[in-house]
Amino acid sequence: MATITVDGKEIEIGDNERLNVIQAADRAGVSIPFYCWHPGLSVVASCRMCLVETGTKNKETGEISMVPKLVPACQTPAKDGTVVVTNSPKVKANQNFVQEGILLDHPVDCPICDQAGECWLQDYYFEFGHQERRADIHPFTSKRRELGPHVSLFADRCVMCSRCVRFTREVSGEGELMVIDRGSHAEIDVFPGFPIDNKMSGNVNDICPVGALCSTDFLYEQRVWFLEAQNSVCTKCSTGCATQMHVNQNQLYRIQPRFNPNANDWWMCDAGRYENQFVTAPERLDGVVIRRNNAWEPLDWPHAIREVYNHVADVALNHGGSHLAVVLSPFLSCEEAYLLASYAVSILSDVTLVVGKIPVVGHDEKFKSGFTIRAEKCPNRRGVEEIVKHFGKQPLDWDGMLAKIATGEIKGAYVTGGYGDPWIDDAEAAKFEHLESLVVQDILPSPLARRAKLVLPGVTAFEKDGSYVNHAGLIQSASWGLRPHGGAHVDGQTFSDLLGRRGIYNAADVLKELAAKVPFFARCTDGVPPAGLNLVTGQEKHPLTTELGTVTHPTPTFRSEGSRMLEVETPTR
Amino acid sequence: MAEFEPVLLANIHKPDSHTLSVYRAAGGYAAIKKVLSTMSPVDTVELVKASNLRGRGGAGFPCGLKWSFLPKDAPTVYMCVNADESEPATFNNRILMELDPHQVLEGIMIGCYATRAQTAYIYVRCEYPTAYKRLHQAIQECYGAGLLGQNINGSGFNLDIYLHRGAAAYICGEETGLIESLEGKRAWPRIKPPFPAIEGAFRKPTVVNNIETLANVPHIVNRGADWFKSMGVPSTNPKDPGSYGPKLYCISGHVNTPCCVELPLGVTCRELIERHGGGVWKGRKGKMAIPGGMSMGLLTEKEFDTPLDFAGPGKVGCLGLGTAAVTVMDETVSIVDYLNNACRFFAHESCGQCTPCREGTSWSSRLMTRILSGKGRLKDLEILQSISQSIGIMPGTTICGLADGAAWPLKNALGKFRGELEEYIKKTNPGGYQQEEPAMALVELAHH
Ligand SMILES: Cc1cc2nc3c(=O)[nH]c(=O)nc-3n(C[C@H](O)[C@H](O)[C@H](O)COP(=O)(O)O)c2cc1C
Ligand code: SF4
Ligand code: SF4
Ligand code: SF4
Ligand code: FES
């Protein structure tokens, strides 16, 4: 154990923990302000906001010898005997000066700045700034220019922390961003004709501590203090980035990554962040329909549940279980897959369980930092496979099922979807035409749904609680943030109703049940912590959350909860 | 005192002094021969250590000590020769490169042998085309004569020297800024540690030395450490490495004969002005002088008797000896003009990565512009004072020494000429000098 003294308070850190002074102070409950440091980027120690006084304590004599100069906390390792002072007049004077300096050319156009409410400059100014302004007040200027499809720059709000530049050089690796000009004229820019358009570009907006880089699609859409954050998991590929969805009044405004060292570190890709229009697509399926006399008729849910039974159970009871295929989509959560599988085998134990179609696009794309966008474009293949393996007598994959449909062995199918992108074409869907019975549960119309006898609307991951197992065997839980699309039911609710269970579907309870029933999920008995559980290796990292929450591992996410400025107006707190 | 016999400038008045034949005729390349045939690298480092040769680039760091910091077993070591010479009014490196480039090259060769470097880069500022050309020719001559390349003089020692031109930025003279620039990057000085001796150019152990520092080395080899220590100002305490050897002093500004002279370290500013600069011009009196490049601060006329050795300027509140380039200002020069100029220079040259330096230099420059234009307030002087105390590696708030250099003119002007500054403000802004409120900046003053 190494002993560190922060503002007189002694704390212990593990011998193998390589922490800098910002992180060590955080453990002691002391917040050192910083801009340029980011745990996922190289240390440049250039903003000078984090300067502190340091020294060493002699173990035997207890004598403390201090270094006369201020040193950057971000660049100073916390070692046994390190003494840190963060509240001396010298430290405060520097914090004042840095804040004051940044504001010299800063427009302070907070009222129209997207960052307001989660702006480090704003927050820090209240805590570490001068009481009064000594500098000239400048005419207000705020020029905006586009650096790429998702990135807008307001150059004069920039504090020159170079985080964004380092991100493109060290993480995404394309290096589109650079600093031009010198001294106080320095600005972030791209080469003409080379916009920042890499597939991780949105992250620069997150890590920009101020309103200099703004996400073009979120710009002026919503003040951040109206947003509520829900932990979610990205379903766009099998990396399964931990995310937060930011919602106000049932509208999804933005998605940001959430720190998870087991999946995505601090990052996520632009597809996961921006390509979620399907959630609000006008063509979303919004009510149960049944085909009667070659026309669609609407059906209410209680009848729908009965009709499912009529359609699928009949096939099994008439021809034998193996002639009914129940398809578990890799977009279902583990809990849902478990309920659906349980339902299938409750009809007849030999019902054919099928792992739904696994969408694969191109190749895995690995970036400089190791972050990978996977070719497998679904969140839960592994989880569904485990469940199918556990419950199914002769588990099949999608192609295996198609073959058996072709031979006439499979006579009826209950297919779940949930794909955000078109997933089946006419030719493939046509193979289902001669089935006696076809029930499709999906979120969007598809050639397959068009051929179904009964269509049940399901919901997206944003609208339901549930857990997903990523490519590496890491299970993570997502919470709902949006209410189910009008007329649709949470898929888990539908399966629960099919099983004849009473009441509202509760994913947490089902997960507990799943953990007890299926050994692969045994570690989930007490739920899934924010950083997930690796069900394959049995090992994963659980980052400490301190009182300061995200400071040790500042996720580039939502700080507006820390915007104490606004809390003043809430008398109840 | 007997007339000093120039050492570094001994050859420059000879016709074709920049050629190999002239250099050789004067005994050139004897030192490298001696080193290669009779001395080990360690011996060479020890010799330079014993001479107490201190860096001439500005910081005055003991050269032999710097060489001894390199890891002993490093397979690759680089030598970077700092010829960026961009400290205002400094031109001694240029004279050495243009008029005696072989002396410089011999110094580099010995330095490389001592540090086991097999590659040296000379970083020449782009404003020195003649120096570049002459060095280029000299290097070609050396390759032709077997003084560079593989197995030099049959000694097994290999050395290649490359010339690299900068693109006109003061910050490229800062050693780690130089290394970044050499690597093709933006010259943002690096944070230390690691120091260049451990991880420098291309992530390899690297020595950075000034041209003049290295030019001294052949003479130390030829004549010994004691000879070197017979010149200059002896050390006064064990912690002070003293100020030994010859030094090239540049004299410019309001003197009759601006020039570069070689003298033993420790000559006073007054002697430089009177004896070598031909006195203050136009029969005027001197008012103040910059002791060693703009970043070193300011001497008042009364302080002209300060000896210009490594310790002297510090005793009267200046930053140090710097490049020993003296700029003289006569009695007609306004302190406001001087300070405005100094502030503008550093604001222009700050690389911009550290907030205190970037904003402090720019703010001080803008305040000075406003004061100069007759809109100054007394409060501005308080702000300038606080800026001068807030920036630099000495208080620890910046990455490199440029900010200290920016702070010193402010400190010295405010400390030594405050009355004049206040008077100017009161005279030019009689209605507003007491104003305390932050001013609405005039657009034309916002940026220079
Ligand atoms: C802002 C700044 C500019 C500098 N410019 C130069 C320069 O132009 N030439 C130079 O030799 N050293 C310059 N230096 C000093 C170098 O950093 C370094 O100390 C020197 O090259 C080391 O060589 P020396 O030990 O032989 O003096 C500068 C330092 C700073 C902080
Ligand atoms: S960056 Fe921060 S301080 Fe600046 S205008 Fe935006 S919210 Fe305000
Ligand atoms: S744009 Fe933002 S992230 Fe980039 S340097 Fe400026 S403040 Fe930092
Ligand atoms: S002190 Fe100034 S010049 Fe030096 S690294 Fe910092 S900003 Fe750049
Ligand atoms: S966070 Fe340490 S200097 Fe910027």
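Of the residues making up segment B:307-315, not a single one is more than 14 Å from chain A (Cβ to nearest Cβ), surrounded by 24 or more Cβ atoms within 10 Å (Cβ to Cβ) and within 29 Å of A:Cys47 (Cα to Cα). Here A:Ser46 passes the criteria (1) open to solvent by less than 10 Å² (accessible area, probe 1.4 Å); (2) in contact (Cβ under 8 Å) with a residue 24 or more places away in the chain; (3) away from ligand 1 (no atom under 16 Å from the Cβ) except the one numbered (3). Within segment B:262-307, the set of residues being touching a Ser or Thr at 6+ places or on another chain (Cβ under 9 Å) and in a loop (DSSP other than H, G, I, E, B) comprises B:Leu265, B:Gly266, B:Gly277, B:Gly278, B:Gly279, B:Arg284, B:Pro291, B:Gly292, B:Gly293, B:Thr306. The criterion of at least 1 residues that are under 26 Å from B:Gly401 (Cα atoms) and among the small types (Gly, Ala, Ser) is met by the following strands (runs of 3 or more DSSP E) wholly inside segment A:1-112: A:51-57, A:64-66.
Quick check: anything in segment B:181-190 in contact with a helix residue (DSSP H, G or I) (Cβ under 9 Å, 6 or more places away or on another chain) and among the polar types (S, T, N, Q)? The answer is yes; a qualifying residue exists. Being in contact with an Asp or Glu (Cβ under 7 Å, 6 or more places away or on another chain), part of a loop (DSSP other than H, G, I, E, B) and facing chain A (nearest Cβ under 10 Å): is that true of B:Ile399 here? No; evaluated as a whole, the condition is false for this residue. Residue count for segment A:248-297 satisfying the condition of being closer than 30 Å to A:Ser238 by Cβ and part of a loop (DSSP other than H, G, I, E, B): 19.
Condition check ((1) surrounded by 22 or more Cβ atoms within 10 Å (Cβ to Cβ); (2) within 22 Å of B:Ala10 (Cα to Cα)) across all residues:
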site: B:Asp43; (1), (2): no, no
site: B:Pro88; (1), (2): no, no
site: B:Met109; (1), (2): yes, yes
site: B:Tyr113; (1), (2): yes, no
site: B:Tyr123; (1), (2): yes, no
site: B:Pro129; (1), (2): no, no
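Scoring A:Ile180 on the criteria (1) open to solvent by less than 20 Å² (accessible area, probe 1.4 Å); (2) within 11 Å of another protein chain (Cβ to nearest Cβ); (3) of a type in the set (A, V, I, L, M); (4) touching a strand residue (DSSP E or B) at 6+ places or on another chain (Cβ under 7 Å) leaves a single failure, condition (1). One residue stands out among those in segment B:148-168 that are away from chain A (no Cβ under 14 Å) and part of a loop (DSSP other than H, G, I, E, B): the one that is most open to solvent (accessible area, probe 1.4 Å), which is B:Asn153. Of the residues in segment B:328-337, at least one is touching a residue at least 12 places away in the same chain (Cβ under 8 Å), among the hydroxyl-bearing types (Ser, Thr, Tyr) and not in a helix (DSSP H, G or I). Determine whether segment A:61-73 contains at least one residue that is closer than 15 Å to A:Leu544 by Cβ, over 29 Å from the mean Cα position of the chain (by Cα) and open to solvent by less than 30 Å² (accessible area, probe 1.4 Å). No, because not a single residue in segment A:61-73 is closer than 15 Å to A:Leu544 by Cβ, over 29 Å from the mean Cα position of the chain (by Cα) and open to solvent by less than 30 Å² (accessible area, probe 1.4 Å).
When A:Arg254, A:Arg258 are checked against the criterion of being in contact with a Ser or Thr (Cβ under 9 Å, 6 or more places away or on another chain), closer than 16 Å to A:His150 by Cβ and either open to solvent by 30 Å² or more (accessible area, probe 1.4 Å) or in contact (Cβ under 8 Å) with a residue 12 or more places away in the chain (or both), A:Arg254 stands alone in meeting it.
Within segment A:69-97, the residues that satisfy the criterion of being within 11 Å of chain B (Cβ to nearest Cβ) and among the aliphatic types (A, V, I, L, M) are A:Leu70, A:Val71, A:Val91, A:Ala93.
Only one of the numbered conditions (1) away from every other protein chain (no Cβ under 14 Å); (2) closer than 19 Å to A:Arg144 by Cα; (3) not in a loop (DSSP other than H, G, I, E, B) is violated by A:Met245, and that is (2). Exactly one residue among A:Glu17, A:Glu12, A:Glu53 is within 14 Å of another protein chain (Cβ to nearest Cβ) and more than 16 Å from ligand 4 (Cβ to nearest atom), and that residue is A:Glu53. When B:Gly401, B:Gly396 are checked against the criterion of being in contact with a strand residue (DSSP E or B) (Cβ under 9 Å, 6 or more places away or on another chain) and not acidic (Asp, Glu), a single residue qualifies: B:Gly396.
When you look at B:Gly352, is it modelled with pLDDT of 95 or more, surrounded by 24 or more Cβ atoms within 10 Å (Cβ to Cβ), within 14 Å of chain A (Cβ to nearest Cβ) and in contact with a strand residue (DSSP E or B) (Cβ under 8 Å, 6 or more places away or on another chain), yes or no? Against the criterion (modelled with pLDDT of 95 or more, surrounded by 24 or more Cβ atoms within 10 Å (Cβ to Cβ), within 14 Å of chain A (Cβ to nearest Cβ) and in contact with a strand residue (DSSP E or B) (Cβ under 8 Å, 6 or more places away or on another chain)), B:Gly352 qualifies. Which one is farthest from ligand 3 (Cβ to nearest atom) among residues in segment B:169-187 that are buried (at least 22 other Cβ atoms within 10 Å of the Cβ) and at the interface with chain A (Cβ under 10 Å from one of its Cβ atoms)? It comes out as B:Tyr170.
Among the residues of segment B:404-424, is any outside any helix (DSSP H, G or I) and in contact with an Asp or Glu (Cβ under 6 Å, 6 or more places away or on another chain)? Checked against the condition, which is being outside any helix (DSSP H, G or I) and in contact with an Asp or Glu (Cβ under 6 Å, 6 or more places away or on another chain), segment B:404-424 yields no hits at all. Would you confirm, using the coordinates I've provided, whether B:Tyr23 is of a type in the set (Ser, Thr, Tyr) and within 16 Å of ligand 1 (Cβ to nearest atom)? Spelling it out, it is not the case that B:Tyr23 is of a type in the set (Ser, Thr, Tyr) and within 16 Å of ligand 1 (Cβ to nearest atom).
Among the residues of segment B:267-283, the ones that are of a type outside the set (D, E, K, R) and open to solvent by 20 Å² or more (accessible area, probe 1.4 Å) come to 6 in all.
With the structure loaded, tell me whether A:Ala304 is open to solvent by less than 10 Å² (accessible area, probe 1.4 Å), assigned to a helix (DSSP H, G or I), touching a Leu at 6+ places or on another chain (Cβ under 8 Å) and more than 22 Å from A:Gly466 (Cα to Cα) or whether it fails that test. Considered against the rule, which asks whether it is open to solvent by less than 10 Å² (accessible area, probe 1.4 Å), assigned to a helix (DSSP H, G or I), touching a Leu at 6+ places or on another chain (Cβ under 8 Å) and more than 22 Å from A:Gly466 (Cα to Cα), A:Ala304 comes out as yes.
Just checking, does segment B:404-426 include any residue being at the interface with chain A (Cβ under 8 Å from one of its Cβ atoms) and surrounded by fewer than 16 Cβ atoms within 10 Å (Cβ to Cβ)? No: segment B:404-426 contains no residue that is at the interface with chain A (Cβ under 8 Å from one of its Cβ atoms) and surrounded by fewer than 16 Cβ atoms within 10 Å (Cβ to Cβ). Among residues of segment A:98-116 being within 12 Å of chain B (Cβ to nearest Cβ) and touching a helix residue (DSSP H, G or I) at 6+ places or on another chain (Cβ under 7 Å), the one that is nearest to ligand 5 (Cβ to nearest atom) is A:Val98. Keeping to segment A:117-154, report how many residues are away from ligand 2 (no atom under 11 Å from the Cβ), farther than 16 Å from A:Gly101 by Cα and not in a loop (DSSP other than H, G, I, E, B). So the count comes out to 8.
The values are calculated or read from the model by the stated rules, or taken from the named source; none is laboratory data. Since we're looking at a predicted model, the values are computed, not measured. Note that we place each Cβ from the backbone using ideal geometry, even for glycine, and neighbour counts take in every protein chain shown. Side chains are part of the model used for accessible areas, which takes the heavy atoms of the whole protein and leaves out ligands, DNA and RNA. Shrake-Rupley method; radii C 1.70, N 1.55, O 1.52, S 1.80 Å.
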